[in-house]
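Heads up, the thing below is written out as structure tokens.
Coordinate-derived values only; no laboratory data. Because the structure is predicted, anything quoted here is derived from the model rather than measured. Here the Cβ is made from the backbone with ideal geometry for all residues, glycine too, and neighbour counts use every protein chain on show.
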Amino acid sequence: MNNYKTLEFDKILEQLADNAMSDIVKARCLALIPSLNETEVRRRIDETTQAKQIIEQTGTPPLPSMTVLQKIIGLIAVDVMLMPNQIAHVSSFLVSCRRMKIYLKKAEATGVAIAWYGESIDELSELENEIDRCIRNGVVDDRASSRLADIRRLTTITIDQIKAKLDALLRKNKDWFSENFVSIRNGCYTLPVKREHKNNVIGSVIDLSQTGGTCFIEPTSVGRLQSELSALKIEEDSEVRCILYSLTTFISENLPAIQRNIEAMETLDFIFAKGKLSLAMKASPIIINAKREIRIVDARHPLINPDTVVPLNFEVGNQTNGVIITGPNTGGKTVALKCVGLLSLMVQSGLHVPAAENSIFCLHNLVLCDIGDGQSITENLSTFSSHLKNIIGILRQANHESLVLLDELGSGTDPLEGMGLAIAILDELSAKKCLFVVTTHYPEVKEYAANKPGLVNARMAFDKESLLPLYRLEIGEAGESCAFYIAERLGLQQHLLVRA
């Protein structure tokens, strides 16, 4: 069983990825795994805390998406000349780097360490200014070189001369033309001549209308000017290529610094994604405990609407290795179970959790769970067999550093045999000295837990007046199924209750 998926840790990572800007950082978010290194976990959580603090005091960081930029950098590495729009992407990235330095400089007032990441970002203002001078609105600007400006000035003059000659012909012989304007066809300036008058205009037929009723003719009188225009276009293309090669070379010369900036921005993107997720969840940093102890205070399941969820208070550890949760169906037992596991995974991944800051978590080498139906169609296993197969695997892997979560232990089979198996499994978990949380309906298991050192009962509170679960976990008391009470309140006849 995929424990991360069962506990819906993958959904938390998807939310984290949604807060990242670049595809490569989104992928890093989705691949995040819990750490067992206490120093590393503390460092990760501290990063998240710092990012959250900066966002709260300085605003959202000006992080760009670097997905397209990475592809452009790949082209430079194989000596490909960049196009104007690609060079403009590089410029946009440099602008973002400059803005990020300013943002982090402001954030230094918070006193947090990651604000000094700005020192590792190179502004590269000379490169940024040169691109800004040469590229405007995704094309090479006239300012890029005096030669380009001269070529384009001559091109404009030549086009004006061609249009003047053609406009004069249009005005002089209006009946010959199907339209009263100059048309550009296949790169040539032409006149729209009616088919029956095509012999009246000396020149080359460049194109025909769809109906064939109009011939687009380039008059011989503008042939010389058209040739000059073509030559100017070739010169312009050549000069533009020289400018693009020059800019590509300039970018290539600064590639090591750009790569360092990309790495710094990706790191910041990841760290701030954690901070943004913390803000969105109204989450907090918690205390990491070297002892085998979990104490959760006022926690909310991060995937449930915070306006409807009842805060969870839970503890296990010290003298208590296992908690046995009982209570009515739909009372929130499974949600509580999953919440303990999910928050543990989040903590070890360096994320904040929606719980009070005085909550305490320890680190687990494995978080093992058997939750849900688990029925396997492909392996032709019943619900009970599937549960048992998972539990056998869990017992093989679990040790004194593991957290084990079992939902409805012993269910799906004969009650007497299921109860016996449940107690045997709890004995084995106790012997392994792992921390474990188990939900069950068996009254014998509640009795067993009450008398077994290291185990404690817990229940999901139930309002007997409204017949509604309160979704509040109460440690130290065993729950009731409340079946008879509910049946009586709903109107089941008294003699049937007595018979039951």
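Most simply put, the chain has about 60% antiparallel DSSP beta bridges, counting only bridges with both residues inside it.
The label-point distance for LEU496 and ASP207, in a model that sets each label 7 Å from Cα toward Cβ, rounds to 8.5 nm.
For the pair ASP237 and GLU56 in one chain, pulling the backbone fully straight at 0.36 nm per residue adds 60.1 nm over the alpha carbon distance. Straightening the chain between GLU401 and ARG224 buys 54.9 nm, computed as 0.36 nm per residue apart minus the Cα-Cα spacing.
Dipole check for the chain: with +1 at the C-beta of Lys and Arg, -1 at the C-beta of Asp and Glu, and the Cα centre as origin, the magnitude is about 1120 Debye. Our estimate of slack between GLU126 and ASN2, defined as 0.36 nm per intervening residue step minus the Cα-Cα distance, is 39.5 nm.
The protection proxy used here, the mean number of other Cβ atoms lying within 10 Å of each residue, ranks peptides 423-430, 269-276 as follows, highest first: 269-276, 423-430. Which of (i) 1.57; (ii) 1.12; (iii) 0.96 is the computed Cα Rg over 2.2 N^0.38 Å for the structure on display? Read-out from the structure maps to (i).
Farthest towards the positive end of the charge dipole of the chain, among the residues GLY332, ALA273, LEU127, is the Cα of LEU127, using unit charges on the Cβ of Lys, Arg, Asp and Glu.
Once you reduce the stretch 348-367 and the stretch 168-228 to the center of their Cα atoms, the two points are 78 Å from each other. Taking amide hydrogens as placed 1.01 Å from N in the peptide plane, the amide H of ILE206 sits under 5 Å from those of PHE216, ILE217, GLU218, each at least 5 positions away in sequence or on another chain. Figure legend: label point modelled 7 angstrom from the Cα of ALA168 along Cα→Cβ; residues of the stretch 202-230 with amide N under 19 Å from it are 202-204, 217-229.
For CYS369, nonlocal amide neighbours, meaning residues 5 or more places apart or on other chains whose placed amide H falls under 5 Å from its own, are LEU405.
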